[in-house]
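The values are calculated or read from the model by the stated rules, or taken from the named source; none is laboratory data. Nothing here was measured: the structure is a model prediction, and the numbers come from that model. Virtual Cβ from ideal backbone geometry, glycine too; neighbours counted across all protein chains shown.
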Amino acid sequence: MSSGSSLLKARQRSGNIAAASFLAPAIIILIIYIAYPIVSSFATSTLQWSGISSDKTFIGLDNWAKLLKDGSFWSAFRNNLVIMFLSLLFQVPFAMALATFLDIVGKKGVFFKIMWFLPYLISPVAIGILFKYVLDANYGLFATFSKMLGGGSVDLLGNPELALYAVIGVISWQYIPFYMIYYLAAYGNISTDLYEAASIDGATRWKYFWSIALPGLKPTIISGATLSIIGSLKYFDLIFVMTGGGPGVSTELMSTYMYKTAFTSFNMGYGSAVACGMFLLITIIALLTIQGLNRLGREK
Amino acid sequence: MSKFKKMAALFLAAVMLTCSLAACGNSTSTGSTSAGTNASAGGGEKTLEFWHIQTTEPWPTIIQASADRFMAANPDVKVNITVMANDAFKQKLSVAMSSGQMPDIFLSWGGGPMNEYVDAGNLTDLTGYMEQDNYKDKFLDAAIAQASYNGKIYGFPTENVSTCTVFYNKEIFEQYGFTEPKTLSDLEAICDALLEDGIKPFSLANKTQWTGSMYFMNFATRQGGTAPFADALSGKGSFENEVFEYAGTKIQEWVDKGYFNDGFNGADEDSGQSRQLLYTGDAAMTIMGSWFVSTVRGENPDFYEKVGAFNFPEVEGGSGNPKTIIGTIGDNIYHIASTSAYPDEAFEMLTYLLDDQAVSDRIDGGKIPPLKGMELSDPILQKIFDDVESAPDVQLWYDQSLPPEVSEVHKSTSQEIFGKTMTPAQANEKLQQAMDEYLTKKGG
């Protein structure tokens with residue numbers, strides 16, 4: 001072998017070794033905390049196990065058969081879908097509006113940027129507890145306004161028709177800032193020359209936004225939407241704190257149902273099946289979404 | 001980077017590091033992850049991990065004092081106490097049990113869940129310890145019964161004798177000239193009169209679900225006694241029984257008449273949203289366990305002066321004995337984990353929870369230890385204790401007697417009855433279905 005190619009090979013090898021050693025810590029953590037638990041959950045889903053005893057019996061796919069027929073799981077899934085659609089419908093435009101405002105206003109908008117971002121930084125549990133008081137049917141915000149105007153108390157969290165929407169409102173309050181910053185960052189990537197050129201050609205801000213900025217932001221919107229969809233399907237925190245899945249089962253989500261089955265009803269085997277079912281559902285939906293939205297993006 | 005930015009970056013990194021180390025190392029207060037380490041901490045010292053849920057003063061101090069007295073008498077044992085809130089405890093305990101890392105001492109409320117723990121092999125049999133020197137005779141018979149399963153004693157009844165009582169605002173009653181009702185129609189007359197003046201008769205926070213169950217239990221027990229529930233639980237009878245249907249129907253009747261505050265199904269008991277209505281005088285009564293007395297004393301001492309109590313009245317035409325007590329004789333029952341390395345020491349620690357000093361502290365704090373012959377300074381509590389001693393039978397809270405998965409269905413269907421999203425018949429059917437599933441699973 002000529003010395004040239006063995007040097008190349010040596011460089012490559014040392015490059016590979018370097019790559020492997022830098023990746024190793026992250027991969028090890030991923031395997032221990034993500035890959036192994038997922039595999040283990042699938043294994044547990046084939047067992048009849050209470051979770052608190054050492055009594056484990058292998059029952060194959062019985063838990064999965066039960067899952068497919070489980071009305072409570074599928075109605076919880078419907079609730080997740082409601083959150084998903086409303087989040088997309090509401091959070092994306094709202095966050096876009098805020099981001100656009102901040103982009104236009106520039107450095108002078110720093111105060112707003114900070115204030116609007118704060119909700120995202122607060123722990124969801126803290127938000128849940130606080131908003132329970134804010135939405136209190138007798139002494140909360142809406143109730144007080146209603147009473148000032150001569151009306152009665154306003155029951156949101158106790159009303160099975162309205163509870164889900166009330167919580168979605170709070171969820172939006174917490175997550176809109178995240179998307180706002182996300183879009184703002186994308187705005188930063190649009191060169192200012194584009195705006196200058198457009199305004200020289202006589203385009204108004206409105207036209208600029210719709211014809212130039214928005215198409216430029218499309219990839220960001222798509223990835224934002226994907227995050228939102230996955231987040232809505234996994235969602236747990238605020239629902240658990242504010243309604244616990246109630247009243248009745250009107251705000252039950254797949255995650256709260258999984259929690260109650262596995263830990264409160266002492267049925268870890270079936271609970272694992274629910275968790276794995278969620279995993280599969282979310283993966284499929286996420287992949288379909290990404291493919292679908294990408295295709296949409298390319299068609300334009 | 002400018003010098004300032006470098007310093008700032010270094011400083012922030014140091015802050016982050018110290019915070020994360022502090023969080024990892026801190027093991028004293030609520031919610032820390034000190035799982036059951038039964039191994040000795042070096043040098044032959046024995047450690048006992050003790051979890052409890054008495055978060056409001058003076059209770060954490062009283063329990064710590066018991067532990068201190070125990071440690072003084074046993075210098076080679078160290079007791080690590082972790083306090084956490086009720087629901088957080090339930091969650092932590094499930095996780096601890098499924099991972100086999102139970103604390104040496106923890107609690108349950110008896111009933112279904114305790115039985116599950118016994119069947120899972122997680123609890124140490126305490127019969128031997130309790131029978132030594134007839135120690136168990138100290139306790140009320142009903143308390144020992146509640147801590148037993150299949151003829152063996154598995155628990156140490158400790159925290160409270162807590163019964164389901166109707167608490168009312170004495171000031172409002174005086175204002176309207178009401179007297180404590182003896183029958184259900186007397187009670188409903190009071191409610192109607194209150195409503196006319198814009199005061200809500202009952203304050204209820206039912207997001208928590210077990211709170212509404214109090215009304216359900218009272219109606220059912222006064223209407224048919226304790227037998228229907230006991231039969232349904234054992235499989236001899238059923239929840240699709242006219243006694244339970246009566247309970248559901250009465251609840252919906254009361255909801256329709258407006259006897260409860262608005263938004264009750266969304267209000268949270270742990271956040272005190274039902275007590276708020278009482279403090280402001282917007283509601284006059286509430287049905288709650290007698291721990292209510294000690295909570296109000298700590299939260300709003302002025303209101304405490306105005307609190308009166310009576311037992312849920314007799315239902316005309318019902319076969320239930322109006323003196324039957326619904327509640328718990330023991331409340332928090334302490335257990336020793338089967339995996340504990342030091343069960344003897346753990347049991348001795350438990351005895352210090354009810355030694356003479358502790359008993360006197362507990363009475364002063366406003367709770368009733370489940371022991372025979374208690375003399376209490378608080379007149380309401382003395383009344384409750386006397387009622388318990390003379391009660392013909394005791395019904396443990398439904399959500400504690402039922403096996404956990406059935407209990408979840410009961411709480412959820414009870415909430416739906418209140419919300420009128422289910423008829424009483426549908427609720428009972430669903431409950432019976434869950435009970436049937438459980439009984440078949442258990443091997444019927």
Need at least 3 residues that are not assigned by TED's automatic domain parsing to the domain that holds B:D302 per element, so show me which helices (runs of 4 or more DSSP H) inside the range B:101-200 make the cut, counting only ones lying wholly within it. B:111-119, B:127-131, B:141-146
Return yes when A:L61 is hydrophobic (A, V, I, L, M, F, W, C), more than 26 Å from the chain's Cα centre (by Cα) and either within 14 Å of another protein chain (Cβ to nearest Cβ) or closer than 30 Å to A:P160 by Cα (or both) and no when it is not. no
Do the conditions hold for A:F117, that is, is it assigned to a helix (DSSP H, G or I), away from chain B (no Cβ under 13 Å), under 24 Å from A:Y179 (Cα atoms) and without any contact (Cβ under 8 Å) to a residue 12 or more places away in the chain? no
If only one of B:V296, B:V243, B:V255 is touching a Pro at 6+ places or on another chain (Cβ under 8 Å) and either crowded, with 23+ Cβ neighbours inside 10 Å or part of a helix (DSSP H, G or I) (or both), which one is it? B:V243
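Okay, residues lined up against (1) touching a residue at least 60 places away in the same chain (Cβ under 8 Å); (2) assigned to a helix (DSSP H, G or I); (3) buried (at least 22 other Cβ atoms within 10 Å of the Cβ):
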| site | (1), (2), (3) |
| --- | --- |
| B:S377 | no, no, no |
| B:I384 | yes, yes, yes |
| B:T413 | no, yes, yes |
| B:L431 | yes, yes, yes |
Considering each of A:G71, A:G151 in turn, give the residue that is within 25 Å of the chain's Cα centre (by Cα), in the same structural domain as A:F279 (by TED's automatic domain parsing) and loosely packed, with under 13 Cβ neighbours inside 10 Å. A:G71
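Helices (runs of 4 or more DSSP H) wholly in the range A:198-299 with at least 1 residues that are touching a helix residue (DSSP H, G or I) at 6+ places or on another chain (Cβ under 9 Å) and of a type in the set (F, W, Y) - which ones?
Per the criteria, A:205-208, A:237-242, A:254-259, A:268-299.
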Looking at B:Q395 and the list (1) surrounded by fewer than 16 Cβ atoms within 10 Å (Cβ to Cβ); (2) touching a strand residue (DSSP E or B) at 6+ places or on another chain (Cβ under 7 Å), which single condition is not satisfied? (1)
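Quick grid of which residues meet (1) in contact (Cβ under 8 Å) with a residue 60 or more places away in the chain; (2) touching a strand residue (DSSP E or B) at 6+ places or on another chain (Cβ under 7 Å); (3) under 30 Å from A:D155 (Cβ atoms); (4) more than 12 Å from chain A (Cβ to nearest Cβ):
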| position | (1), (2), (3), (4) |
| --- | --- |
| B:D361 | yes, no, no, yes |
| B:I368 | yes, yes, no, yes |
| B:D399 | yes, no, yes, no |
| B:L439 | yes, no, no, yes |
Just to check your reading of the model, which residue among A:I168, A:I200, A:I222 is away from every other protein chain (no Cβ under 14 Å), more than 23 Å from A:Y259 (Cα to Cα) and touching a residue at least 24 places away in the same chain (Cβ under 8 Å)? A:I222
Answer residue from the range B:60-100, given it is in a strand (DSSP E or B) and of a type in the set (A, V, I, L, M, F, W, C) and is farthest from A:G51 (Cα to Cα) among those: B:V77
Restricting attention to the range B:403-444, the residues that are touching a His at 6+ places or on another chain (Cβ under 6 Å) and closer than 15 Å to A:K260 by Cβ number exactly 0
